[in-house]
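The values are calculated or read from the model by the stated rules, or taken from the named source; none is laboratory data. What you are looking at is a predicted structure, and each value in this text was computed from that prediction instead of being measured. Please note: Cβ atoms are built from the backbone with ideal geometry, for glycine as well, and neighbour counts cover all protein chains shown.
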Amino acid sequence: MSYIDGFVIAVPSANRDSFVEHARIFDTIIMEQGALRIVECWGDQVPDGKLTDFRRAVQATDEETVCFSWIEWPDKATRDAGHARMEAMMKDGTFAGADTQMPFDGKRMIYGGFAPVLELGGK
């Protein structure tokens, strides 16, 4: 069964095009590290909750849109190896020529790795 990295971020709504371009650049690199699929989603219907919600989780302002993304890896070992290679690329300057300016506040990103326990449908 695959392994999933999940992310929730708040992106200034005016930065939608920059967000998509940033994702296009870095998601291509992630795919080169062995990811099977990456999905970047722009919030369309993100309701306020009674106790908590996506907006509060990332401290989104009225001028920001909540985005939800995930990366599907074939397994955790491939994900861990891919992460290690990307960390090395960041340290050795491989990304120096790329536009690495994040169009959002990375400090408010929530993320984690998840091992699927049930999967229905699919391809």
Subset of the stretch 1-22, residues part of a helix (DSSP H, G or I) and touching a residue at least 12 places away in the same chain (Cβ under 8 Å), comes to S13, A14, N15, R16, S18, F19, V20, E21, H22
Just checking, does the stretch 49-67 include any residue being touching a strand residue (DSSP E or B) at 6+ places or on another chain (Cβ under 9 Å), farther than 11 Å from V8 by Cα, surrounded by 11 or more Cβ atoms within 10 Å (Cβ to Cβ) and among the basic types (K, R)?
no
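For residues in the stretch 23-48 being of a type in the set (V, I, T) and in a helix (DSSP H, G or I), which is surrounded by the fewest Cβ atoms within 10 Å (Cβ to Cβ)? It would help to see each step written out before you state the result.
Residues of the stretch 23-48 of a type in the set (V, I, T): 25, 28-30, 38-39, 46.
After this cut, where a residue has to be in a helix (DSSP H, G or I) as well, the list is 25, 28-30.
Working: I25: 12, T28: 10, I29: 16, I30: 18.
Here the residue is T28.
For the stretch 78-90, does any single residue satisfy the condition of being among the hydroxyl-bearing types (S, T, Y), surrounded by 14 or more Cβ atoms within 10 Å (Cβ to Cβ) and under 28 Å from S2 (Cβ atoms)?
Initially, the stretch 78-90 is screened for residues among the hydroxyl-bearing types (S, T, Y), giving 78.
Narrowing further to those that are surrounded by 14 or more Cβ atoms within 10 Å (Cβ to Cβ): 78.
Next cut, under 28 Å from S2 (Cβ atoms) only: 78.
Yes; the residues of the stretch 78-90 include at least one that is among the hydroxyl-bearing types (S, T, Y), surrounded by 14 or more Cβ atoms within 10 Å (Cβ to Cβ) and under 28 Å from S2 (Cβ atoms).
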Can you find a residue in the stretch 26-49 that is farther than 26 Å from P116 by Cβ and touching a residue at least 40 places away in the same chain (Cβ under 8 Å)?
no
Given the options T78, T65, T94, name the one that is of a type in the set (S, T, Y), closer than 19 Å to G34 by Cβ and modelled with pLDDT of 95 or more.
T78
